[in-house]
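First comes the structure, then the notes that go with it.
The values are calculated or read from the model by the stated rules, or taken from the named source; none is laboratory data. Note that the coordinates shown come from a computational prediction; the quantities given were computed from them, not determined experimentally. Virtual Cβ from ideal backbone geometry, glycine too; neighbours counted across all protein chains shown. Protein only, heavy atoms only, side chains kept; ligands, DNA and RNA dropped before computing areas. Shrake-Rupley method; radii C 1.70, N 1.55, O 1.52, S 1.80 Å.
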Amino acid sequence: MADKSLEMVECGHRACGGCGPALAARLILKGAGERTIICAATGCMEVFSTPYPQTAWKVPWVHSLFQNSAAVASGIEASLKRQGRDEHVICICGDGATFDIGVLCISGAFERGHNITYICYDNEAYMNTGIQRSGATPFDASTTTSPAGKNSLGNSRPKKDMPQILAAHGAPYVATCSIAYPNDIIKKVERAVNIDGPCYIQIHTPCCTGWGFDGSKTIELGKLAIETGLWVNFEIVNGKLEKVKKVKRKPVEDYLKVQKRFAHLFKPSLNTTEIAKIQAIADANAEKYGIDLKI
Amino acid sequence: MALRIGCASAPGQARDNKTGSWRVFKPIFDHEKCTSCGMCQLICPEGCVLTDDGKFIPDYDFCKGCGLCAYECPAKAITMETEEK
Amino acid sequence: MRELRIHGRGGQGSVTAAELIAVAAFKSGVFSQAFPAFGVERRGAPVQAFVRFSDEKVRLRSQVYEPDYVIVQDSSLIKDVDVFSGLKKGGIIIINTSGEISGNIPDGVRYIPIDATRLALEILGVPITNTTLMGAFAAASGEISLDALEEAVRERFSGSLADKNVAASRAAYEMVKGGV
Amino acid sequence: MKAILEGSHAIAEAVRLAKPEVISAYPITPQTHIVERLAEMVANGELESEYICVESEFSALSAALGASCAGSRVYSATSSQGLLFMAEVCFNVAGMRQPIVMSIANRAVSAPLSIWNDQQDSIALRDAGWIQLYAEDVQESFDLHLLAYRACEDHRVLLPAFVCFDGFIISHTYEPVDIPEEKEVQAYLPPYNPLNKLDADDPLSMGMYATPDYYMEFRYEMDRAMDRSLAVLKEAGKEFKKIFGRDYSELIESYKLEDAEVAIVALGSICGTIKDAVDEMRAEGKKVGLLKIRALRPFPAEDIKKALSGIKKVGIFEKNISIGSRMKGAVGYEVKDAINDSSVQVLSYVAGLGGRDIRIRDIKKITEEIEKGKGDCFYGIREELI
């Protein structure tokens, strides 16, 4: 069983107050345990946690580049195997590193079947460099490279379905979770690191700075994403959907209206057409994963 | 201090960086109202809620004053006050 | 230093022939170097491979332009490729042919025609002529001994395939020796 | 044991004897025969390594980096486009001070696509922080792999190395090579003893980022390590001679330079052809010699200056092109800087790009050009195509 009192991320890191990814980092290590080697991608978490020499990490941690964590982890795992060592190897990477630039390395590592757990902290844009769109950015979100404007309603494409892509690689365990449910993260990470083979966990980590909300509401935002059906917590085990968090769904406006990145859908006037499209995404999620609680 | 080659560093040195100075609002913990559920400690992004003799206490050296603990406290035992410096 | 150029078509084993001749030369106590004309040729396209023999270490890395010996794996190549190019006076050219060849043998060159395809078909059952021509080369040039060639062939192939290739080399060797 | 082997297979033997725990490579012409042979060795149990069949060169070196950080001796190999694809990781590996040894079967870079030899690939990465050794023949290619591991893993160095050899010209050539006994290699190359590694029993953060307060010092330290590697490589060369008999105690090799009036400077396999050309020209009464550069990084400037002292005409045979530069070739600048004497004529000749064959007569023509003082140019351009 995971030791929930374990603190392997030291105070003094430079994340924004109320940072979702910083919270995720603490929870991940409670689940993974202290015999864990972390392989980080360039990204917001990497930068807020490791300005030389002030690392926040108390477990072995390595960073190489933006897009190669899965490959670096492959090498670490191969080395440990040859040396007969027992540490867990986990990648912790943002959605830019995971959904976009790192796909080649991730696909290779999963296809080869390395015994690693790849964790994406998904804050739905490139937060490290100032909130540019990524393949994980939701439909209609305004970012600095998909700004809302006279001819734009923000990001024009829906979020890429990374968990299904990795499930299709034959990963034995693929799960999504959210910082809104801390114990669920701990449980899922613990499960993943104890499964042989490449496992994938995608954690929804609201970013107060990037999304535009107050840092005290990070968890509330995470909950709203789930309660509206725009984020679904599930587990896919050996390709089969095993467990889904069910909710009594709220309308998507409840989630959208509290974030600056969707402000253009409400001001100067309510854009019901666009909001209906986003509601349709939530409805499709609900249908696909069966999240609606039947009362 | 000589550089450690390869940009390597001993663990946990972030402690040298006292992020408490970032704070604008300060959480005040009311131990009377506290039900010891541990939520504040579990969800603090800094990991700076300590336990002392069964009581939860923020480490003001590091607390950035984000207010997440106060917002999420089921017992409403934490209030945010303007920092006096 | 003596130089050999082998002409063949992709898939006929010219590069293997060069390598095995170099191995046999090495086993005969000669410093040898073998390499292909590096290319992207596919099966059937004209290819070349080279071997150098010397009593001292071979340092030269250019392709072979003025060979002492030429082996032509397939006489049909003569139409497409100048197989005689640069062949030294006093040199030897071994051509796999069942009859007349097109083109003129240069003056002062010893021409050894051999029906390697027929021999290969008889002994190996397939028209792969490289080991047959290697036997002819051993007999004609004296650069490599038949024993060394056999050893090289046995290192590359095993079992009955090795036996058949050795037999093909020997048959060609005897044929060329007998013809002298 | 003396054997006759294809260059690639000889290199694979050197790697087998160095016993890397992890091999991570992606096939590319003309490097393929090396990694195929290593895969075969692993499959047969001749070599006890983890062989990672990566999906790209980018991952090849990234995985090698991970394994190295975890404390293993690792090996990789590539060529041309593969090396360029790895470029970002190359800089990273050097900055992280991981002593990875990688074979480079030198090949031209695209476009136009060419699988044939020149040295543009490795020379383009001369500032990446890797030691760069260039081999003339199969034996030297074999030997330099062992020497590179020993020098790179020395705690005074801790930098990675390219062992470069000309693609096809060395990689696909059969020639005799002396393969040492396993125990001799063990005596020369003890198991890897990392200074820093990822280890749960002694946790460490590696590859952190550096603010402007620290960054320059890290790069300065890399440069100092590269400077130190000059002596360490020579030491490793001396030790090599003691055990194996072949002399690599210098990072350059002089051939008939003593009384030379003209010197040709070159790297790699072309040195063999140049030596034959020098012999012929000497027989014709020309006082010409060769300076072979074995290490481009660290650049043995002092040794080069000394070896060329008194020679007034120097020409550099460049299998690379620094497009837009005045001298045309990249190595010439460094040789010129090493000589640092305006009374000496130092000229570059870009030649043999993309596999253009170089013969003794070409070397003779280049020598005539050096004598005439015409240089900093391309040699052998087919004027009818221009």
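Restricted to the range D:342-360, and to residues that are open to solvent by 10 Å² or more (accessible area, probe 1.4 Å) and closer than 19 Å to residue D:287 by Cβ, which residue is farthest from the other protein chains (Cβ to nearest Cβ)?
D:343
In this structure, is residue A:205 at pLDDT 95 or above and more than 14 Å from chain B (Cβ to nearest Cβ)? Don't jump to the end; show me each part of the working.
On the way: at pLDDT 95 or above: yes; more than 14 Å from chain B (Cβ to nearest Cβ): no.
It is false that residue A:205 is at pLDDT 95 or above and more than 14 Å from chain B (Cβ to nearest Cβ).
Looking only at the range D:24-54, count every residue that is in contact with a helix residue (DSSP H, G or I) (Cβ under 7 Å, 6 or more places away or on another chain), part of a loop (DSSP other than H, G, I, E, B) and surrounded by fewer than 18 Cβ atoms within 10 Å (Cβ to Cβ) and tell me the total.
The qualifying residues number 1.
Tell me which strands (runs of 3 or more DSSP E) are completely within the range D:69-169 and hold 2 or more residues being within 12 Å of the chain's Cα centre (by Cα) and within 14 Å of another protein chain (Cβ to nearest Cβ), or say none if there are none.
D:101-106, D:161-166
Tell me, which helices (runs of 4 or more DSSP H) wholly within the range A:11-95 include 2 or more residues that are within 12 Å of chain D (Cβ to nearest Cβ), of a type in the set (D, E, K, R) and surrounded by fewer than 24 Cβ atoms within 10 Å (Cβ to Cβ)?
Passing ranges, in order: A:69-83.
Please verify whether residue A:223 is within 19 Å of residue B:43 (Cα to Cα) and open to solvent by 30 Å² or more (accessible area, probe 1.4 Å), treating the condition exactly as stated.
Criteria met by residue A:223.
Within the range D:208-233, how many residues turn out to be in contact with a helix residue (DSSP H, G or I) (Cβ under 7 Å, 6 or more places away or on another chain) and not in a helix (DSSP H, G or I)?
Selection size over the range D:208-233: 2.
When you check residue B:37 against the structure, is it more than 9 Å from chain A (Cβ to nearest Cβ) and either in a loop (DSSP other than H, G, I, E, B) or surrounded by fewer than 15 Cβ atoms within 10 Å (Cβ to Cβ) (or both), yes or no?
Yes; evaluated as a whole, the condition is true for this residue.
In the range D:188-202, is there at least one residue being in a helix (DSSP H, G or I), at pLDDT 95 or above, away from chain A (no Cβ under 11 Å) and open to solvent by 20 Å² or more (accessible area, probe 1.4 Å)? First the steps, then the outcome.
In the first step, residues of the range D:188-202 are kept if they are in a helix (DSSP H, G or I); the result is D:188.
Adding the requirement that they be at pLDDT 95 or above leaves D:188.
Then keep just the ones that are away from chain A (no Cβ under 11 Å); that gives D:188.
Narrowing further to those that are open to solvent by 20 Å² or more (accessible area, probe 1.4 Å): none.
The answer is no; no qualifying residue exists.
Could you please give the count of residues in the range D:47-68 that are within 7 Å of chain A (Cβ to nearest Cβ) and either touching a residue at least 40 places away in the same chain (Cβ under 8 Å) or closer than 20 Å to residue D:108 by Cα (or both)?
Total satisfying the criteria: 5.
Please specify each residue of the range A:183-208 satisfying the condition of being within 15 Å of residue A:231 (Cβ to Cβ) and part of a helix (DSSP H, G or I).
Correct list: A:184, A:185, A:188.
Condition first: in contact with a Phe, Trp or Tyr (Cβ under 8 Å, 6 or more places away or on another chain), surrounded by fewer than 24 Cβ atoms within 10 Å (Cβ to Cβ) and facing another protein chain (nearest Cβ under 9 Å). Now tell me which residues in the range C:2-36 satisfy that.
C:31, C:36 - these are the residues of the range C:2-36 that are in contact with a Phe, Trp or Tyr (Cβ under 8 Å, 6 or more places away or on another chain), surrounded by fewer than 24 Cβ atoms within 10 Å (Cβ to Cβ) and facing another protein chain (nearest Cβ under 9 Å).
Is one or more of the residues making up the range A:160-175 basic (Lys, Arg) and farther than 21 Å from residue A:135 by Cβ?
no
Just to be sure, is residue D:114 in contact with a strand residue (DSSP E or B) (Cβ under 8 Å, 6 or more places away or on another chain) and of a type in the set (Ser, Thr, Tyr)?
no
Can you tell me which residue among B:25, B:29 is away from chain A (no Cβ under 12 Å), open to solvent by 20 Å² or more (accessible area, probe 1.4 Å) and over 23 Å from residue A:185 (Cα atoms)?
On the way: B:25 fails: away from chain A (no Cβ under 12 Å).
One residue alone meets the criteria, B:29.
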